[in-house]
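To start, the structure itself, in structure tokens.
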Amino acid sequence: MIEASRPAYAIEARNVAKSFGSVRVLHGISLGVADRETLVVLGPNGAGKTTLLKVLATIMRPSSGEVLIGGLDPKTQPEEARRRIGVITHEVFLYGNLTTFENLQFYSRVYDVPEARDRIHEVVELVGMTHRLHDRVGVFSRGMLQRLSIARALLHRPAIMLLDEPDTGLDQQALELLWKVIKGQGEEKRAVIVTTHSLERALDLGDRFLVLCQGEVACEALRKGLDMPGLTRIYQDNTVIRV
């Protein structure tokens, strides 16, 4: 029996464009991220980073082009494709009137997580929230909510993590936990796409870097041989200089 070939990328965008009415936000973006690779997407406010991540996460449909998730087309296989993705954004996607356990129990049903109770305890321990397992989420601080959103995103063991400027407003402990998750510490390393404004953070996390400017790719570079001055040359006063 001949085995089906694995897709070249864990997640891929092919000539993706997105418009809101007459305003085009993304102009034919193409990218691919392999298993266990981290791509950092940089760019100033309004560059299209959040829109791109929402399209990749299947939260938003592209106006044209296509996204493939592990070789799957989300338009024809939406449930199978979404099970491969974990998403961390400014929105925590948690229910304030439910406890930590109840929130994770709800999402374990959504994603059909096997041995859900054991998995809930694993991810809660991973984010250091075992002592808050039965507390109502509505009383949590921003940092605690983001910790729980990390647990939620990891619950179904996704092969791909998508993170949209996830460090905004976090305390130092939550930040350190988040970067451990991105780097695969405590769990298997995944394909990761993360957006950030921080060049220093980008160099710490990324295997590859993509810079957006006005919805287009201004620059793409590998980590190998790249230093901070090399990346900052495309920035001047928070403006991307096309290269």
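Every number here is computed from the coordinates shown, using simple stated rules; none is lab data. What you see is a predicted model; the values in this text were computed from it and never measured. Neighbour counts are summed over all protein chains in view; Cβ atoms, including those assigned to glycine, are modelled from backbone coordinates with ideal geometry.
Would you mind telling me the antiparallel percentage of the DSSP bridges in the chain, rounded to 5?
Values: 22 of 39 bridges.
Looking only at bridges with both residues in the chain, the antiparallel portion is about 55 percent.
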Report task. Give the distance, in whole Å, between the Cα centre of the stretch 49-96 and the Cα centre of the stretch 137-179. Result -> 18 Å
**Report entry** Between 0 and 90°, nearest 10: helix 100-110 axis offset from the chain longest Cα axis
**Finding:** 70 degrees
Query - the chain - Debye-derived log10 I(q)/I(0), Cα point model, q = 0.09, 0.12, 0.13 Å⁻¹ - result: -0.39, -0.70, -0.82
Query raised in the report: For the chain, what is the calculated [θ] at 222 nm in deg cm²/dmol (nearest 500), taking -39500 (n - 2.57) for each run of four or more DSSP H residues and dividing by its residue count?
Result: -8500 deg cm²/dmol
**Report entry** Arg109 paired with Glu79, simple spin-label distance in nm, labels 7 Å along Cα-to-beta-carbon
**Finding:** 1.5 nm
**Report entry** Net length gained if the chain between Arg36 and Met60 were fully extended (0.36 nm per residue, minus Cα distance)
**Finding:** 6.2 nm
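In whole percent, what relative contact order does the chain give with Cα contacts below 8 Å and a gap of six or more residues?
On the way: 448 pairs, mean separation 64.2, N = 243.
Relative contact order comes out at 26 percent.
Counting other beta carbons within 10 Å of each residue's own, what order do Met161, Met129, Met60 fall into, fewest first?
Numbers: Met161 24, Met129 19, Met60 15.
Ascending number of Cβ neighbours within 10 Å: Met60, Met129, Met161.
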Report task. Determine, at each q value in 0.24, 0.31 (inverse angstroms), the log₁₀ of I(q)/I(0) that the Debye formula gives when each Cα of the stretch 64-107 is one equal point scatterer. Result -> -0.88, -1.05
Query raised in the report: Can you pick out the pairs among Lys18/Lys224; Lys18/Lys183; Lys18/Lys180; Lys180/Lys224; Lys75/Lys180 whose Cα atoms lie more than 27 Å from each other?
Result: Lys18/Lys224; Lys18/Lys183; Lys18/Lys180; Lys75/Lys180
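Tell me, rounded to the nearest percent, the portion of alpha carbon pairs in the stretch 4-118 spaced more than 19 Å apart.
Details: 3604 of 6555 pairs.
Summing the P(r) tail past 19 Å for the stretch 4-118 gives 55 percent.
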Report task. Per residue of the stretch 72-85, in order, report the coupling 6.51 cos²θ - 1.76 cosθ + 1.60 (Karplus, θ = phi - 60°) as ³J(HN,Hα) in whole Hz, putting x for Gly and Pro. Result -> 8, 8, x, 6, 9, 9, x, 5, 5, 5, 5, 5, 8, 10
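Which ordering of Arg208, Arg24 is given by a fewest-first count of other beta-carbon atoms within 10 Å? Spell out each step's value before the answer.
On the way: Arg208 20, Arg24 15.
With the fewest neighbours first, Arg208, Arg24 line up as Arg24, Arg208.
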Report summary line: For the chain, the longest principal axis of the Cα atoms and the Cα long axis of helix 172-183 enclose an angle in degrees, to the nearest 10, of 70 degrees
Requested in this report: Report the relative contact order of the stretch 1-112, percent, no decimals, based on alpha-carbon pairs under 8 angstrom and at least 6 residues apart.
Outcome: 25 percent
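Between Trp179 and Leu199, what FRET efficiency follows from the Cβ-Cβ distance if R0 is 22 Å, with the result rounded to 0.05?
Numbers: r = 15 Å, r/R0 = 0.69.
Given R0 = 22 Å and the Cβ-Cβ separation, E is 0.90.
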